[in-house]
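Okay, structure first, notes after.
The values are calculated or read from the model by the stated rules, or taken from the named source; none is laboratory data. Quick caveat: nothing in here was measured; it's all calculated off a predicted structure. When we count neighbours, we look across all protein chains shown, and the Cβ atoms used for this are built from the backbone with ideal geometry, even at glycine. Surface areas here come from the heavy atoms of the whole protein model, side chains and all, with no ligands, DNA or RNA. Shrake-Rupley method; radii C 1.70, N 1.55, O 1.52, S 1.80 Å.
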Amino acid sequence: TTAFRQKLQKEVPTGYDVATSAHYVVAGTKGRADAYAELFEEIYRQVDTFYSVRGFDTTRPEVPLIAIVFGTQDEFQKYCEKDGMLWTKDLRGYYSLNTNRVALYDDASLLKRPRTASVEETIVAADRVAGNRSALSRALASVSGQTADTIIHETTHQVGFNIGIHRRIGQTPTWVLEGLATVLEPPGLRTRGKSGSKSGNSTINSERMNWFNSEYEGRRKPGDLATLVATDDMFKNQTLDAYSLSWAFTWFMTENPARARKFVDYLQTLSERDPLQDYTPEQRLKDFQAAFGDIAKLEVEFIRSLDRVDAK
């Protein structure tokens, strides 16, 4: 940890602090690194708990996890260009498989914008668990809502790749990665056990659910689930539809203990694949159906189940 901290301190701009926690080494603008580190660490704990209580065999990361929170969009853009990441003005942050880092920015102007519902729910849920004002809510108090959302999403990716859920050198289907990340954006599934659904909508990603019901509904057709599973093309051609479908199906699979066990077995199959072999559409569908059964029948059951969910 000391070596990572010293290396990161030399790398970031002047005026940045580097803070550490049990699993993280985090760089941020002066006076804010400790709050960021506290937030990353708490999200790590919640994500690890989510997987553990559902039967996933998690392991401790082999090395400290690195995160950099830049103070301006310009600094973030320069880092993206140096890191080989395609930068756009809408990019808030990302997790890199190559460097195993999370990078994002937290421009001071973002603090003036209203918090998202998911961040407010996260604070309430964390305080309920702690019995008073939690470390997480204190950390979030000085972080913009957009930044917190980005940290939650990208940390979910990073943690998954470092506790044995995914393999960095494999070809994990995009729907699996984004499905799990979007499922964990609301606080309900991160702060409860196996039966989080009983607490109501705190387990529902309302943004993805609303898109699924309002925007995607008119385009949805039988067989979309097979398309999503077989290739990553839907993420290129119908990006937000793909995210909402990935969230909805992953939520359906992880909310039920019996289905969650099948999901664990499926992820184990993905992790044991030879990363040097192409993962063809045919093989992707074969592995999926070996874990879950006939995909057409499962799609019907999944859609019917989702129709009974009321997201506000």
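A single member of 194, 236, 221 is more than 15 Å from the chain's Cα centre (by Cα), modelled with pLDDT of 90 or more and not in a helix (DSSP H, G or I), and it is 221. Can you tell me which residue within the stretch 264-312, out of those that are polar (S, T, N, Q) and outside any loop (DSSP other than H, G, I, E, B), is nearest to residue 203 (Cα to Cα)? Restricting to residues being polar (S, T, N, Q) and outside any loop (DSSP other than H, G, I, E, B), the top hit is 305. Can you work out which of the residues in the stretch 21-38 that are in contact with a Ser or Thr (Cβ under 7 Å, 6 or more places away or on another chain) and small (Gly, Ala, Ser) is surrounded by the fewest Cβ atoms within 10 Å (Cβ to Cβ)? Across the stretch 21-38, the extreme among qualifying residues is 35. Apart from one condition, residue 271 fits all of (1) more than 21 Å from residue 55 (Cα to Cα); (2) in contact (Cβ under 8 Å) with a residue 12 or more places away in the chain; (3) polar (S, T, N, Q); the exception is (1).
Collect the residues in the stretch 39-69 that are among the aromatic types (Phe, Trp, Tyr) and open to solvent by less than 10 Å² (accessible area, probe 1.4 Å), keeping them in residue-number order.
First pass over the stretch 39-69, keeping only residues among the aromatic types (Phe, Trp, Tyr): 40, 44, 50-51, 56.
Matches in the stretch 39-69: 40, 50, 51.
Checked against (1) part of a helix (DSSP H, G or I); (2) closer than 21 Å to residue 62 by Cα; (3) among the aliphatic types (A, V, I, L, M), residue 35 passes all but a single condition, namely (2).
Every condition in (1) more than 22 Å from residue 51 (Cα to Cα); (2) of a type outside the set (Lys, Arg); (3) open to solvent by 30 Å² or more (accessible area, probe 1.4 Å) holds for residue 243 except the one numbered (1).
So that you can scan it fast, the table gives a plain yes or no per residue for (1) in a loop (DSSP other than H, G, I, E, B); (2) over 18 Å from residue 101 (Cα atoms):
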site	(1), (2)
48	no, no
55	yes, yes
74	no, yes
79	no, no
